[in-house]
Each structure stands twice: as C-alpha cells, then as structure tokens.
Amino acid sequence: MAVKNAMTAEFLRSAYGGESMAHMRYLIWSEVAEKEGFPNVSRLFKAIAYAEEVHAGNHFRALDGDIGDSSVFAGGVFGYKKTAENLLGGIMGEEHEVEQMYPAYLEVAKMQGENEAVRSFTYALEAEKIHAELYKKAKAAVEQGKDLEVKKIYICPICGHTVTDELPDKCPVCGAKKEAYKEF
Ligand code: FE2
Ligand code: FE2
Ligand code: FE2
C-alpha cells in the first residue's frame, strides 16, 4: 500500500538517495582497497555495497507511489582517498545513519502509522550498526598495514543483515532462512 503521509514519503526518498549513493561509493572504495592490496577490505566494501542496495530497494518499494519525478535531498559522504581514510568515510556515514537519520525517520514513520516504512527503516538501522563496527575493525587493521581478518561475509537479501564467518540459523532481524544469505 502506498505511503499516505508526505513526511514519511520524503524520508523514504531521502533514505533511498542516501543508500543509493552509499552503494556506489562502497563499490568505488572497494576497487581502491583491491589495488592497495587489501582484498578482504575490498570484499567487505563490496558486500556492504550490496546491503545498501537491499536497503535502497526496500525504501523504493515501500514508497509504492505513482510514477513521477522528485528532487531528492540526501546526505552522502564524498572523498576518494586511500583505504584507511575511505574507511573513516564509511564509519562517518554509517554512524550518521545509526545515531541521527534512521532513529528520527523511524519515529516519524511510527507516529504516522506507516508500517512498510517502519519495517524498511528498522531493517536498515540494524544493518548499519554492524557496518559501522566492521569498518572500524577494518580501519584498525589497515592502519597497521594489514588486511582485515575475515573468512566469509554474508548479507541477508531481505533486510541487509550483515554477518561474518558463521551464519545464524535464521536472520535475527527479518527471520529469513540461512540459505537465503548471499555470500561474499
Ligand atoms: Fe544501508
Ligand atoms: Fe550501511
Ligand atoms: Fe534479514
């Protein structure tokens, strides 16, 4: 069902814009990490880029409105540096989403009874917390000239939940089966 309230719709469009930019930015930074000789950090960026694609898709579908143009105001981190700095950019973006953006968007969506948006914002918020922590781990490693120590990275295609090495029996955020996770 289409979003009824203008403010929730605006937040969904903005979050869609922010997630879309994050998706692209992480793919660009993934290439930098690969070239710098950090294949696991490169893979982490690629995996999280996919999680952001999942979030963008959820927000887009939650809007479910008529076809038409919109100008979108959305926050995005910019900068094309070496991997340690790019990871700091990643941390900044994720922390902004965790501390400011999604909690505020979520409260408005709840207040307005927009259940699809509540779900979509909740899915993103939970994943971004994990992204921030993984980028912090990666940054600490890279600053010592080492690659991130990680085996597999898994992303839930429904909610973007992100987990390393060991898969849970089902997604703790959306309940998807472990077989659904995409492996990186
Ligand atoms: Fe996201
Ligand atoms: Fe994220
Ligand atoms: Fe999930």
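The values are calculated or read from the model by the stated rules, or taken from the named source; none is laboratory data. Keep in mind that what you see is a predicted model, and the values were worked out from it rather than measured. So basically every Cβ, Gly included, is an ideal-geometry build from the backbone, and we count neighbours across all protein chains shown. Areas reflect the complete protein model, heavy atoms only, side chains present, ligands, DNA and RNA absent. Shrake-Rupley method; radii C 1.70, N 1.55, O 1.52, S 1.80 Å.
Points worth noting:
- Residue list for the range 80-136, restricted to those being of a type in the set (D, E, K, R) and under 22 Å from Lys46 (Cα atoms): Lys81, Lys82, Glu85, Glu94, Glu95, Glu97, Glu126, Glu128, Lys129, Glu133, Lys136
- Selected residue (criterion: most open to solvent (accessible area, probe 1.4 Å)) from residues of the range 123-147 that are hydrophobic (A, V, I, L, M, F, W, C) and within 16 Å of ligand 1 (Cβ to nearest atom): Ile130
- Beta carbons closer than 8 Å, at least 6 apart along the sequence or on distinct chains, pair a first residue in the range 81-97 that is free of Cβ contacts under 8 Å to residues at least 40 places away in the same chain with a second that is outside any helix (DSSP H, G or I) for Glu85/Gly79; Met92/Val77; His96/Gly75.
- Exclusive hit being within 16 Å of ligand 2 (Cβ to nearest atom) and either open to solvent by less than 20 Å² (accessible area, probe 1.4 Å) or touching a strand residue (DSSP E or B) at 6+ places or on another chain (Cβ under 8 Å) (or both), set Lys182, Lys152: Lys182
- Only one entry of Lys35, Lys46, Lys4 meets the criterion of being over 13 Å from the mean Cα position of the chain (by Cα) and either in contact (Cβ under 8 Å) with a residue 40 or more places away in the chain or surrounded by 22 or more Cβ atoms within 10 Å (Cβ to Cβ) (or both), and that entry is Lys4.
- If you go through the range 80-123 and keep only what is within 13 Å of the chain's Cα centre (by Cα) and either aliphatic (A, V, I, L, M) or at positive phi (or both), you end up with Ile91, Met92, Val98, Met101.
- Taking the listed residues Ala15, Ala51, Ala62, the one that is assigned to a helix (DSSP H, G or I), touching a Leu at 6+ places or on another chain (Cβ under 9 Å) and open to solvent by less than 40 Å² (accessible area, probe 1.4 Å) is Ala62, with no other qualifying.
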